[in-house]
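**Q** Handing you a structure now.
None of the figures in this text is laboratory data; all of them are computed from the coordinates on show. All of these numbers come straight from a predicted model, not from anything done at the bench. All Cβ positions, even for glycine, are placed from backbone atoms using ideal geometry, and neighbour counts span all protein chains on display.
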Amino acid sequence: MKIVEFKEVEKSFRIKDIGGPMQKVLSGISFRVKKGEILGLVGLNGQGKSTTIKIMLGLLFPDKGNVRVFGSYTHDVKIKRRIAYLPENPVFFENLNAVEFLSFVGGLRGVNSKKIKDTIESLIFRVGLQGSEKKSIRKYSKGMVQRLGLAQAFLGSPEFVILDEPLSGLDPLGRKMAKELIIEHKNKGKTVFFTSHILEDIEDMCDRILILNRGKIIKEIERNMLLNKRLEDIFVEALNNGADAVSHA
Amino acid sequence: MVRMLYLTLKEAVKERAFYSTLILYLFSLFIYFIVNDFTMFEASKVMFTYSLSVTEFLTLVLVFFLIFSFLTEDLNKKTIEYLLSLPLKRMDYILGRVFGIVFSGIFTSTLMLSGFVILNALLFKEFKTVLFLQLPLLWVMMLLITSLAYFLINASKRPVLISFIILFIYVIGVNLDDAVQFIQTKRAENIPLISKFLVKSAYYIFPNFSFFDMKISLSYGLSIGSGHYILVLLYGLIYSFILILLSILFFQKKEIK
Amino acid sequence: MKRVFLGFLLAGLLIATNSYMVPEISRYRKIQKANAGLFLLSPEAEKIMSLDYEGIRSFWVTLDLRVFLATILEQHPYFPEWVGDVVFKAYRVASALNPYYFDIYYIASLNLMWDFKRYSDAEKVLKRAIKYRKSDWFWYFLLSFNYFYFMKKYDLAAEYMTEAAKLKRSAFLASLASRLYYASGRTEIALNILDGQIKNTDDENWKRELLKRKKALLGVLKIERAVEAFKRKEGRLPYDLNELKQKGYMKKIPQDPYGGRFYIDSDGTVKSTSNLVEHHRKNE
């Protein structure tokens, strides 16, 4: 069963102001996210990873091509209730504290109002924010905000979790915790999609990996391909081939 | 939408601008007594004007600050991106923010004016409830300003620019009525027709904030026709309603970069 | 410790310099203000600058004017002529911002009348006050006074005093009004007003007073009619009251209830040696 389906999606942005030249960020990407897998999207900085996610979330609209999430469009609140998203370098409502923030998110996701207090408490403990949950988010360090971001992403165990650079800003313990959370979620039969530019992270967890370069998916890697080859080598190889392909074209 | 509204209210209450406003209000209570000493006759009427003016001024300042801080948070720190990924309609975002800001303004203005009315009652033995008639006018004014701001987020993602534009429109809107009355007098005979035309057209396009100013009439106990009063409220409500509708309409198709 | 000491030292320095500089600067500003007057824009510009807070700005302008006038009197024994312009301008601005503001009309009209002898400007101020504060008797009274005492327009003075009397429901003002009508040669109107007021008054003392005045005015009216009839027939003014009695225009010479004697002035108006005022009051 497909959770997400991208078909020949193209997206361009204006580089400067109105009437300026356009730059193609995505030039026709197609892929699927299957139920119950962890899919990693790898790419250098500025190659269209975040744009892909924003299109998936319905924040941006594709210029060409087709995008389906749960077989529909993401505008639909019913669809959005099944999705959780952690932005890159997240900033949450700085005047609130962790509990208030998580209650808001949990309420929107339809978490049972009787259980919500316990759920939040255990999540806060899980991400290691106990003792800071009544502090306003303004006073959090970058790592703490990232932990809180993970907590909200897994709150109410949504069917499909989208994480943009989930491990950035975390200390080694935090990284371990985050990885465990992601794998646990998969083991519940749920789906995770995440991006990173740190290859080891992806290597550890993903069932499938997509390599994105210059707005195109240049390689799709199954987990079993990694048994005898390091991701790094495959990645560099793919980039070189891709570069050749572009220069030959 | 209710949750979005609640979130906005909760954020607003913890906003520093909120407390600064309350501190300024306490300060204005001090000044109240000084002003009272400086009046010669009809001190009560001067103090009624003062009460209404301070309430309006502080509430509008608060609303401006809230708009600015929410826009900064949503646009500069990109919480809007996160918010719209949550199970919320885009419409809910606009409505929740606009009414959240307006409700915090309603709460503050009611509190401040009640304080003044009680003070007036203690000082002048005159419990002037008619002053509360200014409140709905002020609320509609706030609604108008806030919906204007959230209409403008479709056009710009710079909070400073949006704030300047609404401040600019406010200053124009406050003076439009006077300007139009002036160009109809004899003293304005040598003003070129094109300027008169511009003023006239601005009169019909921009929100006329001076319509909502009945502070002096209320303080001096002049009669305000109920028809006129309702008409003014309707004018503001219809204007904001259309602004919000337009804003929602554009926002549906807005790309959040 | 050093930091704290330095902090106190700097704070002390600031207070010391301020205590020298602040009065110096403010003295200079005071002199400058006293020489240049208030800084006021045109009423239209002030309206724009004060946004929606015309009431507060109007209060402020009035306060500024009061401080300014006080400063002038510190430096001059009397008001220089140009200060009148400042007063009038401040009035124009403040009353444009808040046309219902009592203080500005009060200060402007009284100063213009007494200190600057600008009676027609005071008239303008008071007429505007009446326009916006219709229910105050006080402005009618002041305007009437201005007409009567300074401008010598007795007709207008009487008219406005009548209004004041109506608004205040005051018998005293009514009697003043009737006197003004009398002074303007309209004795009959004066009598009508008096009648009205006598009916409206509950105060017995005032009623007695009014009745006395009515009696006096009736006497005046009687003589006036006789003089008129005499003039029509004889083509000249009578020499005195006795001539009127002798030639049958009057049966009896009316008595002045205020204790004076009626006489005919050289221009034909009827007057009394008492001036229709109680003698002990007149001497006061």
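**Q** List, in order, the whole-Hz ³J(HN,Hα) value for each residue of region C:235-249 obtained from phi through the Karplus relation with A = 6.51, B = -1.76, C = 1.60 and θ = phi - 60°; use x for Gly and Pro.
**A** 3J(HN,Hα) across region C:235-249, in whole Hz: x, 8, 7, x, 5, 7, 5, 4, 4, 4, 5, 4, 7, x, 7.
**Q** Can you tell me the relative contact order of region B:2-252? Whole percent, Cα pairs under 8 Å, sequence separation 6 or more.
**A** Values: 238 pairs, mean separation 64.3, N = 251.
Relative contact order for region B:2-252 comes out at 26 percent.
**Q** Also, quick follow-up: Which is the longest part of chain C that has none of the chymotrypsin sites (Phe, Trp or Tyr not before Pro) sitting in a DSSP loop with at most 13 other Cβ atoms within 10 Å?
**A** Numbers: sites that count: C:F39, C:Y78, C:W82, C:Y239.
Answer from the scan: C:83-238.
**Q** Which pairs break 21 Å Cα to Cα here: A:K64/B:K254; C:K152/C:K233; A:K80/A:K142; A:K2/A:K80; C:K215/C:K247; A:K219/B:K254? Each step should come with its number before you reach the end.
**A** Details: A:K64/B:K254 17 Å; C:K152/C:K233 32 Å; A:K80/A:K142 27 Å; A:K2/A:K80 16 Å; C:K215/C:K247 24 Å; A:K219/B:K254 32 Å.
The pairs that break the limit, which is 21 Å between Cα atoms, are C:K152/C:K233; A:K80/A:K142; C:K215/C:K247; A:K219/B:K254.
**Q** Now, a different point. Once amide H atoms are placed 1.01 Å from N in the peptide plane, what residues at a sequence separation of 5 or more from A:N213, or on another chain, have their amide H within under 5 Å of its amide H?
**A** Long-range HN contacts for A:N213: A:I218.
**Q** Please state the charge dipole magnitude for chain A, taken about the Cα centre, from unit charges on C-beta atoms (+1 on K and R, -1 on D and E), reported in debye and rounded to the nearest 20. Mind dumping the intermediate values first?
**A** Numbers: 41 positive and 30 negative charges, 171 e Å.
Here the size comes out at about 820 debye.
**Q** Per-residue mean of other chain beta-carbon atoms within 10 angstrom of the beta-carbon, peptide B:7-19? Intermediate values should be presented prior to the final figure.
**A** Details: counts 10, 1, 0, 6, 5, 1, 1, 8, 2, 1, 0, 1, 0.
Mean number of neighbouring Cβ atoms from other chains: 3.
**Q** Give me the inter-chain shielding for B:87-98: mean count of other chain Cβ atoms within 10 Å, whole number please.
**A** Details: counts 15, 4, 4, 3, 0, 2, 0, 0, 0, 0, 0, 0.
Mean shielding count: 2.
**Q** Quick one: 3J(HN,Hα) in Hz for region B:24-41, Karplus 6.51/-1.76/1.60 with θ = phi - 60°, rounded, Gly and Pro as x.
**A** 4, 5, 4, 4, 5, 5, 4, 4, 3, 5, 5, 4, 4, 5, 8, 7, 9, 10
**Q** Given a Förster distance of 22 angstrom, what is the FRET efficiency for A:S122 paired with A:S168, based on the Cβ-Cβ distance and rounded to 0.05? The partial results should precede the final answer.
**A** Working: r = 25 Å, r/R0 = 1.12.
Step by step, r from the Cβ atoms, then E = 0.35.
**Q** Could you give the longest part of chain A that holds none of the trypsin sites (Lys or Arg not before Pro) found in DSSP loops with at most 14 neighbouring Cβ atoms within 10 Å? Could you put the intermediate results ahead of the total?
**A** Working: sites that count: A:K16, A:K35, A:K114, A:K115, A:K134, A:K135, A:K188, A:K229, A:R230.
My reading of the result: A:36-113 is the longest stretch.
**Q** For an R0 of 56 angstrom, estimate the FRET efficiency from the Cβ-Cβ distance between A:Q23 and B:F182 and round to the nearest 0.05.
**A** Working: r = 51 Å, r/R0 = 0.92.
So, using R0 = 56 Å, E works out to roughly 0.65.
**Q** Select from chain C the helices, each a whole stretch of DSSP H, whose alpha-carbon atoms run 27 Å or more along the helix axis and whose Kyte-Doolittle mean is at least -1.0; answer none if there are none. Before the final figure, lay out the partial values.
**A** Working: long enough: C:2-36 (49 Å, 0.26); C:54-75 (32 Å, 0.61); C:204-234 (44 Å, -0.89).
Correct list, ordered by number: C:2-36, C:54-75, C:204-234.
**Q** Now a separate question. For the Cα atoms of chain B, what angle does the longest principal axis make with the long axis of helix B:159-183, in degrees from 0 to 90, nearest 10?
**A** Approximately 40 degrees, to the nearest 10.
**Q** Kindly flag which residue pairs out of C:K166/C:K252; A:K188/B:K77; A:K24/B:K253; C:K47/C:K166 have an alpha-carbon separation exceeding 24 Å in this structure. Please list the in-between numbers first.
**A** On the way: C:K166/C:K252 35 Å; A:K188/B:K77 33 Å; A:K24/B:K253 20 Å; C:K47/C:K166 35 Å.
Where the Cα-Cα span goes over 24 Å, the pairs concerned are C:K166/C:K252; A:K188/B:K77; C:K47/C:K166.
**Q** In peptide C:98-110, what is the residue-averaged number of other protein chain Cβ atoms found within 10 Å of each Cβ? Before the final figure, lay out the partial values.
**A** Values: counts 7, 2, 9, 9, 8, 7, 1, 1, 3, 2, 0, 0, 0.
Taking the mean over all residues of the peptide, I get 4.
**Q** Kindly rank B:38-46, B:53-61 from highest to lowest mean number of other beta carbons found within 10 Å of each residue.
**A** On the way: B:38-46: 18.3, B:53-61: 21.8.
Descending mean neighbour count gives B:53-61, B:38-46.
**Q** Loop only by DSSP, 16 or fewer other Cβ within 10 Å of the Cβ. Give me the GluC sites (Glu not before Pro) in region A:193-240 that pass, ordered by residue number. Can you show the working numbers first?
**A** Values: sites: A:E200, A:E203, A:E220, A:E222, A:E232, A:E237; in loops: none.
Counting only loop positions with at most 16 other Cβ atoms within 10 Å, none of the GluC sites (Glu not before Pro) in region A:193-240 qualifies.
**Q** Just add up the charged neighbours of A:I124: K/R +1, D/E -1, any other residue whose Cβ is under 15 Å from the Cβ of A:I124. Don't skip to the end; give the middle numbers.
**A** Details: positive: A:K115, A:K117, A:R126, A:K134, A:K135, A:R147; negative: A:E100, A:D118, A:E121, A:E133.
Every neighbour counted, the sum reads +2.
**Q** Can you list the residues, at least 5 places off or on another chain, whose amide H is less than 5 Å from the amide H of A:G28, using H built in the peptide plane?
**A** Under 5 Å from the amide H of A:G28: A:V9, A:E10, A:K11.
**Q** Among the GluC sites (Glu not before Pro) within region C:53-108, which fall in a DSSP loop and have no more than 14 other Cβ atoms within 10 Å of their own Cβ?
**A** Numbers: sites: C:E54, C:E74, C:E81; in loops: C:E81.
Counting only loop positions with at most 14 other Cβ atoms within 10 Å, the GluC sites (Glu not before Pro) in region C:53-108 are C:E81.
**Q** Here's a follow-up. Taking chain B as the reference, fit the longest principal axis to its C-alpha atoms, fit the long axis of helix B:90-124 to the helix C-alpha atoms, and give the angle between the two in degrees, 0 to 90, nearest 10.
**A** The helix B:90-124 is inclined about 20 degrees to chain B.
**Q** Once phi is turned into θ = phi - 60°, what whole-Hz ³J(HN,Hα) does the Karplus curve with 6.51, -1.76 and 1.60 give for every residue of region A:59-68, x standing for Gly and Pro?
**A** So the J values, rounded to whole Hz, are 7, 10, 10, x, 6, 9, x, 10, 10, 10.
**Q** Sorted by average packing, counted as other Cβ atoms within 10 angstrom per residue and highest first, what order do B:183-195, B:149-161 take?
**A** On the way: B:183-195: 9.8, B:149-161: 18.4.
Descending packing order for the listed peptides: B:149-161, B:183-195.
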